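Contents: one structure, followed by commentary.
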Amino acid sequence: TYNVFREKTLEGQNVLVTAGPTYEPIDPVRFIGNHSSGKMGFALARALYQQGAAVHLVTGPTSQSVNCAHIKVTHVTTAKEMYEACVKDFSNTNIAVLSAAVADYRPAEVATEKIKKTAGELSLQLVKTDDVLKSLGSLKQPGQLLVGFALETENEMEFANQKLVAKNADLIILNSLRNKNAGFGIDTNQVTILDKQGVVFESDVKQKEEIAIDIVNTIIQKLYGEA
Ligand code: CTP
Ligand code: CA
C-alpha cells in the first residue's frame with residue numbers, strides 16, 4: 001500500500017527505525033513482553049522510504065509486514081538483540097527513529113528447563129535492559145539526528161522533556177495514553193513532538209499512517225529547516 005513514485009526529499013539519508021515490542025525469555029516457553037503492535041514503526045519506515053530514504057527497520061516480534069522489498073528488515077526478539085543491531089548500524093545512520101517498546105527489564109537468569117509449578121509462590125529477579133535510545137544518544141556525532149518516543153500517563157510534557165535531555169535526543173514524540181483513541185493496539189494515535197526549545201508539532205487523533213507522515217515532515221523540517 002505504498003506509492004511507487006517516491007519523493008527525493010530524504011534521498012541519500014540512511015534511516016534506522018525500531019518497532020514493536022521485545023520479548024525477554026523467562027524459560028524455554030515463557031517471556032515478558034508488552035502489547036506494542038509495531039504499527040507506528042512500520043508506518044514510519046514506509047513514510048520515510050516514501051520520502052526517498054534508505055530505510056533499515058529493526059523490529060521485535062509483530063504481525064506487521066512492511067510490504068516493500070526495498071526496506072531492509074532485521075528481525076530481533078530481545079532488547080539485547082535490538083541494542084546490538086542498532087549499535088552496529090548507527091555509525092552508518094543519518095537519522096534514527098526509535099519507536100520500539102523495548103522491555104525495560106529482563107529476567108536475570110533464563111531457566112534452561114520449563115519452570116515447574118510448585119506449592120509456593122514464584123519470584124523472578126529482573127535486571128535492567130540496555131537503553132537503545134540512550135546508548136545511541138551517547139554515540140551521536142554532529143549531523144546525526146536522533147528521534148525518540150515517550151509513552152506517558154502523567155506529567156507528560158515534563159517527563160517527555162526529561163527523556164529528550166537524558167537521552168540526548170533531538171526530537172521526542174510524545175504518545176499520550178490519556179486519549180482513548182490513541183496508542184497501543186489501535187489504528188489511531190495522537191502525538192505531540194518536542195525539541196529542546198519546546199513543542200514543534202501537535203497532531204489531531206488520526207490514523208497511524210497519517211501520523212507517520214506528520215512525524216516525517218517534522219523530521220524533514222528539523223533536518224533542513226535549521227541549516
Ligand atoms: N527505549 C530504548 N531502549 C530501552 C527503553 C526505551 O531505546 N531499553 C526508547 C524507546 O524506543 C523510546 C524511548 O526510549 O524511543 C522512551 O521509551 P519509554 O518507555 O517511554 O521511556 P523509558 O526511558 O523506558 O522510561 P519509562 O518506561 O520508565 O517511562
Ligand atoms: Ca520504558
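Brief remarks on what is shown
- The stretch 199-214: number of residues that are part of a helix (DSSP H, G or I) and either in contact (Cβ under 8 Å) with a residue 40 or more places away in the chain or open to solvent by 60 Å² or more (accessible area, probe 1.4 Å) (or both): 6
- Filter pass, Leu174 being surrounded by 12 or more Cβ atoms within 10 Å (Cβ to Cβ) and more than 19 Å from the chain's Cα centre (by Cα): no
- Checking each residue in the stretch 111-138 for being over 29 Å from Lys163 (Cβ atoms) and either of a type in the set (Asp, Glu) or touching a residue at least 24 places away in the same chain (Cβ under 8 Å) (or both) picks out Ala111, Thr112, Glu113, Lys114, Ile115, Glu121.
- For the stretch 107-138, residues that are open to solvent by 80 Å² or more (accessible area, probe 1.4 Å) and either part of a strand (DSSP E or B) or within 29 Å of Leu16 (Cα to Cα) (or both) total 3.
- Hits in the stretch 177-198 (condition: closer than 20 Å to Phe42 by Cβ, over 15 Å from the mean Cα position of the chain (by Cα) and crowded, with 19+ Cβ neighbours inside 10 Å): Ala182, Gln190
The values are calculated or read from the model by the stated rules, or taken from the named source; none is laboratory data. What you see is a predicted model, and the numbers here were worked out from it, not measured in a lab. FYI the Cβ positions are ideal-geometry reconstructions off the backbone, even for glycines, and counts take in every protein chain you see. Areas reflect the complete protein model, heavy atoms only, side chains present, ligands, DNA and RNA absent. Shrake-Rupley method; radii C 1.70, N 1.55, O 1.52, S 1.80 Å.
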